[in-house]
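Down below is the structure, laid out as structure tokens.
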Amino acid sequence: TVENSDPTISSSEITPATGVLSSSTLLCSATTSDVDETSIFVSYSWTNTTQGTSLGSDASLVLTPATAQPNDVIECGISIVDTDGGTDSTPESVTVENSSPVLSSVEITPATAYNNDILTCSETASDSDAQTLSSTYVWTNTTTGSILGSSAIIALSSASASPNDTLTCDVTVS
């Protein structure tokens, strides 16, 4: 009687292995063999182990902010079975990294100001991870080098700005 030898997974990987974002497409692959030279069937099982959710069963997986957030661990379970019922399995995993927010515009209103006006600094920013962003502001009178404030709105006075001074609002989003 000839016994069936189990098939083996000699190597496996998820690509990309690094630089994974909440919008990445992942591919799970394995190198398999069977000394009995029978056909091998491969199956995949994707899981977000951080959230405890099943994500799919194809070789590839498209992540979205709804399925994966920064620091989540995404696992691909690879299972193989030969035509005689022999099996092998192995997991591979990657960690989702944080995407930096994108600051697309900054606007100061009113565009023409007088030294007794109230100015507002507003920004347009986005985050591909769909996380809540926070903004910090630094108002500067670049003519005098003075820092004028650190909120989205400042009230000017003759002490903070003179005619023809140039004012800037630097915004950082995180």
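The values are calculated or read from the model by the stated rules, or taken from the named source; none is laboratory data. Everything numeric here is computed off the predicted structure, so don't read it as measured data. Don't worry about glycine lacking a Cβ; one is built from the backbone with ideal geometry, like all the others, and counts go over all protein chains shown. Note: accessible area is taken over every heavy atom of the protein model, side chains too, but ligands, DNA and RNA are not part of it. Shrake-Rupley method; radii C 1.70, N 1.55, O 1.52, S 1.80 Å.
Given the structure, is THR90 touching a residue at least 12 places away in the same chain (Cβ under 8 Å), open to solvent by less than 80 Å² (accessible area, probe 1.4 Å), closer than 30 Å to VAL35 by Cβ and under 34 Å from the mean Cα position of the chain (by Cα)? Yes: the conditions hold for THR90. The one condition from (1) assigned to a loop (DSSP other than H, G, I, E, B); (2) touching a residue at least 24 places away in the same chain (Cβ under 8 Å) that THR50 does not meet is (2). Within this structure, VAL2 fails the test of being in contact (Cβ under 8 Å) with a residue 60 or more places away in the chain, of a type in the set (A, V, I, L, M) and not in a strand (DSSP E or B).
Scan region 1-60 for residues that are of a type in the set (Asp, Glu) and either open to solvent by 60 Å² or more (accessible area, probe 1.4 Å) or in contact with a strand residue (DSSP E or B) (Cβ under 6 Å, 6 or more places away or on another chain) (or both) and jot them down. Across region 1-60, the qualifying residues are GLU3, ASP6, GLU13, ASP34, GLU37, ASP58. For region 86-111, the set of residues classified as under 23 Å from ILE74 (Cβ atoms), assigned to a loop (DSSP other than H, G, I, E, B) and not β-branched (Val, Ile, Thr) consists of GLU97, ASN98, SER99, SER100, PRO101, listed by residue number. Condition check for ALA125 on (1) open to solvent by 50 Å² or more (accessible area, probe 1.4 Å); (2) modelled with pLDDT of 95 or more; (3) not acidic (Asp, Glu): one failure, at (1). The set of residues from region 128-145 being open to solvent by less than 70 Å² (accessible area, probe 1.4 Å) and part of a loop (DSSP other than H, G, I, E, B) comprises SER128, ASP129, LEU133, SER134, GLY145. If only residues of region 93-107 that are surrounded by fewer than 16 Cβ atoms within 10 Å (Cβ to Cβ) and of a type in the set (A, V, I, L, M, F, W, C) are counted, the one that is nearest to ILE154 (Cα to Cα) is LEU103. In the list LEU148, LEU156, which residue meets the criterion of being buried (at least 16 other Cβ atoms within 10 Å of the Cβ) and either touching a strand residue (DSSP E or B) at 6+ places or on another chain (Cβ under 6 Å) or under 27 Å from PRO70 (Cβ atoms) (or both)? That would be LEU148, the only listed residue that is buried (at least 16 other Cβ atoms within 10 Å of the Cβ) and either touching a strand residue (DSSP E or B) at 6+ places or on another chain (Cβ under 6 Å) or under 27 Å from PRO70 (Cβ atoms) (or both).
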